[in-house]
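**Q** Pasting a structure below so you can have a look.
The values are calculated or read from the model by the stated rules, or taken from the named source; none is laboratory data. Keep in mind that what you see is a predicted model, and the values were worked out from it rather than measured. All Cβ positions, even for glycine, are placed from backbone atoms using ideal geometry, and neighbour counts span all protein chains on display. When the accessible area is computed, the model is the full protein with side chains, heavy atoms only, and any ligands, DNA or RNA have been set aside. Shrake-Rupley method; radii C 1.70, N 1.55, O 1.52, S 1.80 Å.
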Amino acid sequence: MSIRYRIQDSQERVVYCGLLPYEITLLDNVNSQSQKVGDIGIRAGFLKNESFTVYGFSSDQDFVKSSQKFKTQLNAILNTTNYIEEIINDTKKSINKNTSRLIHNLTTLNAHNIQEIYSLIPQEGISRNSRAQISYAEDIVKKDPKEAATTLLRIAKNNASMKVEFSVFKKLFDSNPELQIRKHNIHKVLMNMFYLFFPDFTDKNVKVVVDNESNHIAFFDYESIHVALYHLIENAAKYIKPFSTLNINISNNGVYSQISMDMISTEIEPDEVEKIFLEGVSGSLPSKIGKAGDGIGMYMAKKIIELNTGSITVYPYPDTLEETLGFKFQRNVFTINLPNSKQNLAGN
């Protein structure tokens, strides 16, 4: 920039500073709107209003030679400072919101893991010496191996959730996310994620049927798609109707490999088809029955899939609407498209 500047608020707190170190040492010498300072031909000046003070420095010859041009540019900076501050504050809020969400979710997941361990092995048993610890834990596992296995699976799921949180932060909040696009067997990738959620579906007596005959492949970044699938399957486990079936079909339409998740789940009203993929939005029924999350899961899934040159859609079937124990369910089909060749990565 031809003018380097420093902005201070009415309390003399620095809002922004792009001055060179040498120029900062000259600030006390700047006492007018436009003057020459130092010994290397620099024009400097300051302007202020009731909210901000802007100091400007320039070694650009057009500004060094013309005091009027310099003051005009400095005045333009001052007049836009309110807008600049709004942008900075909005950016800070966005960053703080995402950071706070990450910390909150990681803290919650860590607490769940601790609770899982203590529910299986009481805390007083863990506080023994190392030999006694192992014997104590071994006895508990031998006594109830099924509960031990279930606890380990829940901890594994929580750990996967933590990985998801870190991956989201790394992939989505980086201006230039690094994607490792490689060929993957869709069935294998799906099963790696479904194994974490089988206990959730079992608790609801839901049968999961995955197309085992499929050898379809797709090109995508495994880590990020892993995050998207996590949110989609978590959403299915949360909202699917108990004692129903989740059918997973994998196909190919020539350009994309398609994953369809066909289920009977909570009603999606016609005006919610697009909205459920917006940040901070949950469907009306989940909100009514107290199962709505923070509305970020489906938003994240869509954004990540699109980052991989794919797409996601949901097709509800209103004519299948039914009511069970006061809750409305209907058939909903979520379809994910992912490029099936390198040539299709650009969306051609």
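**Q** Within region 75-90, is even one residue β-branched (Val, Ile, Thr), open to solvent by 20 Å² or more (accessible area, probe 1.4 Å) and without any contact (Cβ under 8 Å) to a residue 24 or more places away in the chain?
**A** If we filter region 75-90 for residues that are β-branched (Val, Ile, Thr), which is where we start, we get 77, 80-81, 84, 87-88.
The next check asks that each one be open to solvent by 20 Å² or more (accessible area, probe 1.4 Å); those that pass are 80, 84, 87-88.
Now restrict to residues that are without any contact (Cβ under 8 Å) to a residue 24 or more places away in the chain: 80, 87.
Looking for residues that are β-branched (Val, Ile, Thr), open to solvent by 20 Å² or more (accessible area, probe 1.4 Å) and without any contact (Cβ under 8 Å) to a residue 24 or more places away in the chain, one finds at least one in region 75-90, hence yes.
**Q** Quick one: what pairs do we get from region 222-247, first residue within 19 Å of Arg182 (Cβ to Cβ), second assigned to a helix (DSSP H, G or I) and open to solvent by 20 Å² or more (accessible area, probe 1.4 Å), C-beta under 7 Å, 6+ apart or different chains?
**A** Correct list of pairs: Ser224/Leu307.
**Q** Kindly provide the set of residues from region 1-15 that are loosely packed, with under 15 Cβ neighbours inside 10 Å and within 20 Å of Lys71 (Cβ to Cβ), ordered by number.
**A** Taking region 1-15 first, the residues loosely packed, with under 15 Cβ neighbours inside 10 Å are 1-2, 9-14.
Correct list: Met1, Ser2.
**Q** How about region 102-144: which of its residues are open to solvent by 90 Å² or more (accessible area, probe 1.4 Å) and within 30 Å of Phe169 (Cα to Cα)?
**A** Ile103, His104, Gln115
**Q** Identify the residue in region 1-34 that is of a type in the set (D, E, K, R) and not in a strand (DSSP E or B) and, among all such residues, is farthest from Ile88 (Cα to Cα). Before the answer, list the steps.
**A** Restricting attention to region 1-34, the residues satisfying the condition of being of a type in the set (D, E, K, R) are 4, 6, 9, 12-13, 23, 28.
Those left that are additionally not in a strand (DSSP E or B): 12-13, 23, 28.
Numbers: Glu12: 17, Arg13: 14, Glu23: 24, Asp28: 27 Å.
Ranking the qualifying residues of region 1-34, first place goes to Asp28.
**Q** Restricting attention to region 173-205, which residues are open to solvent by less than 70 Å² (accessible area, probe 1.4 Å), farther than 20 Å from Ser161 by Cβ and at pLDDT 90 or above?
**A** The answer is Ile181, His184, Asn185, Ile186, His187.
**Q** Could you grab the pairs with beta carbons closer than 8 Å, sequence gap of 6+ or different chains, first residue in region 1-21 and at pLDDT below 90 and acidic (Asp, Glu), second one open to solvent by 40 Å² or more (accessible area, probe 1.4 Å) and in a loop (DSSP other than H, G, I, E, B)?
**A** Asp9/Ser51
**Q** Which members of region 36-72 meet the condition of being touching a Ser or Thr at 6+ places or on another chain (Cβ under 8 Å), farther than 26 Å from Tyr83 by Cα and surrounded by fewer than 18 Cβ atoms within 10 Å (Cβ to Cβ)?
**A** Ile40, Gly41, Asp62, Val64
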